[in-house]
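The values are calculated or read from the model by the stated rules, or taken from the named source; none is laboratory data. As the structure is a prediction and not an experimental result, all values here were calculated from the model. As a convention, Cβ positions derive from the backbone with ideal geometry for all residues, glycine included, and neighbour counts pool all protein chains shown.
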Amino acid sequence: MKRLATVLMVGALAVGLTACGGQQSQPVPEEKPAAEKASGDTATASAGEEKFKQSSCVGCHGVDLKGATGPSLETIGSKYNKDEILEIIKNGKGSMPANMSKGEDAETIAAWLAEKK
């Protein structure tokens, strides 16, 4: 009798979980603050900084761009333009490995770093 009760409970649990878990939820789009919407440059800079902090860049260059095991990037825009920075991100340079960021993220980070003069 105990065995039958256990089988019925497991069956009910399986049916309940199956009924609840069929659909994946859609991610809610993140609303940008009004200040970011007002200025494209501000939005680009903010996005570049955010992508930089989310990627593994901060591990070597520091969250403040002052450098750690990698060089300082505080004034990198005075040495390289956006395309040159993007090329370094894509192909690596020195001890920096290639493709640490890719695609649109790499372009956003390169544009943001090019403004650092």
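Considering the stretch 84-101, the residues that are within 19 Å of LYS117 (Cα to Cα) and not aliphatic (A, V, I, L, M) include one that is nearest to the chain's Cα centre (by Cα), namely GLU87.
Within the stretch 62-83, one or more residues are of a type in the set (Lys, Arg), more than 16 Å from the chain's Cα centre (by Cα), in a loop (DSSP other than H, G, I, E, B) and over 15 Å from LYS117 (Cβ atoms).
For the structure I just gave you, tell me whether THR18 is at pLDDT below 85, loosely packed, with under 10 Cβ neighbours inside 10 Å and hydroxyl-bearing (Ser, Thr, Tyr). Answer is yes for this residue. Limited to the stretch 65-89, what total is found for residues that are in contact with a Ser or Thr (Cβ under 8 Å, 6 or more places away or on another chain) and at positive phi? Residues that pass the stated criteria total 1. Note on the stretch 86-111: residues that are closer than 15 Å to ALA45 by Cα and surrounded by 13 or more Cβ atoms within 10 Å (Cβ to Cβ) total 7.
Does ALA106 satisfy the condition of being modelled with pLDDT of 90 or more and not in a loop (DSSP other than H, G, I, E, B)? Talk me through it step by step, then tell me what you get.
Working: modelled with pLDDT of 90 or more: yes; not in a loop (DSSP other than H, G, I, E, B): yes.
Answer is yes for this residue.
Looking across the stretch 48-82, just one residue is among the β-branched types (Val, Ile, Thr), surrounded by 15 or more Cβ atoms within 10 Å (Cβ to Cβ) and free of Cβ contacts under 8 Å to residues at least 40 places away in the same chain, and that is VAL58. The set of residues from the stretch 90-102 being at pLDDT below 95, farther than 11 Å from GLY70 by Cβ and either in a helix (DSSP H, G or I) or aliphatic (A, V, I, L, M) (or both) comprises just one member, ALA98.
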